[in-house]
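Novice: Take a look at the following structure, please.
Where a number appears in this text, it was derived from the coordinates with a stated rule and is not lab data. Not measured: the values here are computed from a predicted model. Neighbour counts are summed over all protein chains in view; Cβ atoms, including those assigned to glycine, are modelled from backbone coordinates with ideal geometry.
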Amino acid sequence: MRLSCACVLLVALLSGSHFCLAQGGAGPKESKTYVIRAARMFDGKGERVVAPGLVVVSGGRIVSVGAGAGAPPAGAEVIDLGDATLLPGFMDAHTHLTGEASDDWKQDELDSLKKSIPEQTLDATEYARKTLLIGFTTARDLGSGDLVDVGLRNAIRNGKVWGPRMLVAVRAIGATGGHCDPTGGYRPGIFDRTTGISDAVADGPDAVRAAGTYLVPTLMAAVGLSERLEKGSYFPPQVEAKARAAIASIRATFQKAVAKKVRIAFGTDAAVYPHGRNAEEFRHMVELGMRPVDALKAATSVNAELFGVSDRLGTLEAGKLADIIAVPGDPTQDIRQTERVFFVMKEGVTYRNDRAGAKP
Ligand SMILES: [Zn+2]
């Protein structure tokens, strides 16, 4: 999608006793030791949820996992989450955290030209915060302009803004006239391609080299487009035709991929639908035939492999960064529990715990 962009510097930090973000100019660093307990856990790579859930965290990393870890270390703070399942922080392989499509195509076009970079940046901080607080601790962001994604990534990394750890593509690549070409539909010459162009254009097989090994389905992109079409939102005719064709084919494509055991990663094209609904992708994957445990792996260990970060993220294992989330109940029994994340820890820092104060 076409996106506008900006650069981030202001912060709207949540406050209250349930939140404890380390303050200061450097990134949030958590040196405390925690013992996180819950009725169950899914480690991101196994075949089933196991009971009980127990993870010991120190210095922002996982020290030990499972009931065999022994007695809690002296001085550790115990976080008991009760009837819940611990999971590795979710990862989204296709986001656009620097923008969001509305129901008004023409206004979005105008905003991309008129909205100041600071205003776009402030919007982006809110999208990033929402995404983190629903359990997505890592996002691969695929296309931004004016280096806003780089600024947002750095501000999050430095602890200025709440958001998922970001891997950024900077510019999306598409064909002339395609949806990565911001000059499409305007009078020729109105834009100077050397300045102000958000995306990158490349034509032909020699210019575009797509590497081949995971399918990132983005079923939620079809959901978002369908919802806007059902509301009667305006799209240019050629865009609407393309959207309808994509919606018509995306579910069948996904089912074929499941049947043929294609490696399926988890990505949603967040921005095509409103930010904060990323986890709805899980239920669409399961409704189309994917096992719940495989959908959970797609958003954790499979995405970590795809991103090249499986040495430090994607599973609940000793030595990994302490990105840990919790959902009520058992998500392999009811995949929609993934939409009810109530505990979010990233690198040992707790950003959300709706059950704070629960007694062991
Ligand atoms: Zn996209």
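Novice: Taking Rh as the Kirkwood radius computed over C-alpha pairs, what is the Stokes-Einstein D of segment 54-152 at 20 °C in a medium of viscosity 1.002 mPa s, expressed in µm² per second?
Specialist: Rounded, D is 127 µm²/s.
Novice: Also: Got a sec to turn the phi values of segment 90-106 into Karplus ³J(HN,Hα) couplings, 6.51 cos²θ - 1.76 cosθ + 1.60 with θ = phi - 60°, whole Hz, x for Gly and Pro?
Specialist: Going residue by residue, I get 5, 10, 10, 8, 8, 10, 9, 6, 9, x, 7, 6, 9, 7, 10, 4, 5 Hz, with x marking Gly and Pro.
Novice: Between segment 275-302 and segment 60-137, how far is it from one alpha carbon centroid to the other, in angstrom?
Specialist: Measuring centre to centre over Cα atoms gives 16 Å.
Novice: Next question. At R0 = 22 Å, how high is the FRET efficiency between GLU287 and TYR234 if r is their beta carbon distance? Nearest 0.05 is fine.
Specialist: Plugging the Cβ-Cβ distance into 1/(1 + (r/R0)^6) gives 0.15.
Novice: Give me the extension gain from ILE247 to ASP103: residue separation times 0.36 nm, minus the current Cα-Cα distance, reported in nm with one decimal. Don't skip to the end; give the middle numbers.
Specialist: Numbers: separation 144, 0.36 × 144 = 51.84 nm, distance 1.70 nm.
Extending this stretch completely gives an extra 50.1 nm.
Novice: Of LYS106/LYS130; LYS45/LYS160; LYS231/LYS297, which sit over 28 Å apart, Cα to Cα?
Specialist: Beyond 28 Å between Cα atoms: LYS45/LYS160; LYS231/LYS297.
Novice: Can you list residues whose amide H is under 5 Å from ILE79's amide H, if they're 5+ apart or on another chain and H is modeled 1.01 Å from N?
Specialist: Under 5 Å from the amide H of ILE79: VAL35, ILE36, ARG37.
Novice: Quick one: net charge of LYS231's neighbours, Cβ under 14 Å, K/R +1, D/E -1?
Specialist: Numbers: positive: ARG228; negative: ASP103, ASP104, GLU227, GLU230, GLU240.
So the environment of LYS231 carries a net charge of -4.
Novice: Fully extended, how many nm does the chain gain between ASP111 and ALA356 (0.36 nm per residue separation, minus their Cα-Cα distance)?
Specialist: The span from ASP111 to ALA356 would gain 84.2 nm if fully extended.
Novice: Around ALA257, what is the net charge, scoring Lys/Arg as +1 and Asp/Glu as -1 over all other residues with Cβ under 13 Å from its Cβ?
Specialist: +4
Novice: How high is the FRET efficiency between TYR186 and GLU47 when r is their beta carbon distance and R₀ equals 51 Å, given to the nearest 0.05? Kindly include the intermediate steps, with their values, before the conclusion.
Specialist: Details: r = 53 Å, r/R0 = 1.03.
In this case the efficiency is close to 0.45.
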